[in-house]
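The values are calculated or read from the model by the stated rules, or taken from the named source; none is laboratory data. Here the structure is a predicted model, which means the values were calculated and not measured. Neighbour counts are summed over all protein chains in view; Cβ atoms, including those assigned to glycine, are modelled from backbone coordinates with ideal geometry. Calculation scope for accessible area: heavy atoms of the full protein, side chains included, ligands and nucleic acids excluded. Shrake-Rupley method; radii C 1.70, N 1.55, O 1.52, S 1.80 Å.
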Amino acid sequence: MARRVLRLVVVSALAIGLATPAIAAPRAKASITADGVNPHAAFGQDVVFEVNSRSAYPWVNARCHQDGEQVYSQWHGLFDSYRWEPVFTLGPTPSWTGGDADCVAEVGHFARNGRFRVEAEMTFAVLG
């Protein structure tokens, strides 16, 4: 009889141990910055963003607007296997030949459903 009780206690302790959730280390918060951009950049300036992302394959999307109309959008991957230099040239474009613009740069990743999940963003002005 004593052996059964002992076995039940050991099995119960193992079951409780397996059911206890593991405590994970907190994830670092995502961030995006760029030298020479805060609080503004110059029209035609080349910008390289520095990011801290939770993703192994982070992407940056930079967009600019004039009077509510989008005049600039560019995407770059910031991971080793990305084939192009992640340099964002802030104009000109066919719809942005000069003048000031309000911009946002977002770092994030693409989820399995194909949607872009923003992790962090920064806003800045382009003076032109």
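Residue-wise test of (1) touching a helix residue (DSSP H, G or I) at 6+ places or on another chain (Cβ under 7 Å); (2) part of a strand (DSSP E or B); (3) exposed (fewer than 13 other Cβ atoms within 10 Å of the Cβ); (4) not basic (Lys, Arg).
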site: LYS29; (1), (2), (3), (4): no, no, yes, no
site: ARG63; (1), (2), (3), (4): no, yes, no, no
site: CYS103; (1), (2), (3), (4): no, yes, no, yes
site: VAL126; (1), (2), (3), (4): no, yes, no, yes
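Return the pair list, or none, for Cβ contacts closer than 7 Å from residues in segment 40-56 that are farther than 16 Å from VAL104 by Cβ to residues that are surrounded by fewer than 17 Cβ atoms within 10 Å (Cβ to Cβ) and among the small types (Gly, Ala, Ser), at least 6 apart or on different chains.
Hits for this filter: PHE43/GLY98; ASN52/ALA28; ASN52/SER31.
Somewhere in segment 40-55, is a residue at pLDDT 95 or above, open to solvent by 80 Å² or more (accessible area, probe 1.4 Å) and in contact with a Gly (Cβ under 9 Å, 6 or more places away or on another chain)?
No, that holds for no residue.
Please state which of the following conditions GLU69 fails to meet, knowing it meets all the rest: (1) out of contact with any strand residue (DSSP E or B) (no Cβ under 7 Å at 6 or more places or on another chain); (2) open to solvent by less than 90 Å² (accessible area, probe 1.4 Å); (3) modelled with pLDDT of 95 or more.
(2)
Any idea which residue in segment 83-101 is farthest from the chain's Cα centre (by Cα), counting only those that are among the hydroxyl-bearing types (Ser, Thr, Tyr) and open to solvent by 40 Å² or more (accessible area, probe 1.4 Å)?
THR97
Consider only pairs whose beta carbons are under 6 Å apart and that are at least six residues apart or on different chains; among these, list those whose first residue lies in segment 113-127 and is under 16 Å from ALA30 (Cβ atoms) and whose second residue is surrounded by 13 or more Cβ atoms within 10 Å (Cβ to Cβ) and among the hydroxyl-bearing types (Ser, Thr, Tyr).
Close Cβ pairs satisfying both conditions: GLU119/SER53; ALA120/SER31.
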